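So the structure is just underneath, and the comments pick up after that.
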Amino acid sequence: MKAAVDQEKCMGCGLCVDICPVEAIQIVDEKAVVDDSCIECGACIDECPTEAITLQD
Ligand code: SF4
Ligand code: SF4
């Protein structure tokens, strides 16, 4: 499991990229994309201004 980005809510601001401690997020075509190195810390969820990121069970 890893953080999931709602592509409709993401505006590509990059705040999640900067806060991620393991550099798991990149901006691709102005949307955040999370790779498998995500450790589910939740930092990006709190940082996102549009609540685009969620962690699911
Ligand atoms: S949950 Fe943590 S490790 Fe995963 S993408 Fe967000 S900031 Fe990075
Ligand atoms: S912080 Fe939210 S809106 Fe900004 S790039 Fe990340 S997921 Fe998208």
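Observations, loosely collected:
- Qualifying positions in region 29-53 - surrounded by 14 or more Cβ atoms within 10 Å (Cβ to Cβ) and of a type in the set (V, I, T): V33, V34, I45, I53
- Residues of region 1-11 that are more than 11 Å from C48 (Cβ to Cβ) and surrounded by 13 or more Cβ atoms within 10 Å (Cβ to Cβ): K2, A4.
- Per-region count, region 32-41, residues more than 9 Å from the chain's Cα centre (by Cα) and closer than 17 Å to Q7 by Cα: 1
Computed from the coordinates by the stated procedures, all read-outs in this text should not be read as laboratory data. This one's a predicted model, so the numbers in the text were calculated from it and none came from an experiment. We place every Cβ from the backbone using ideal geometry, glycine too, and count neighbours over all the protein chains shown.
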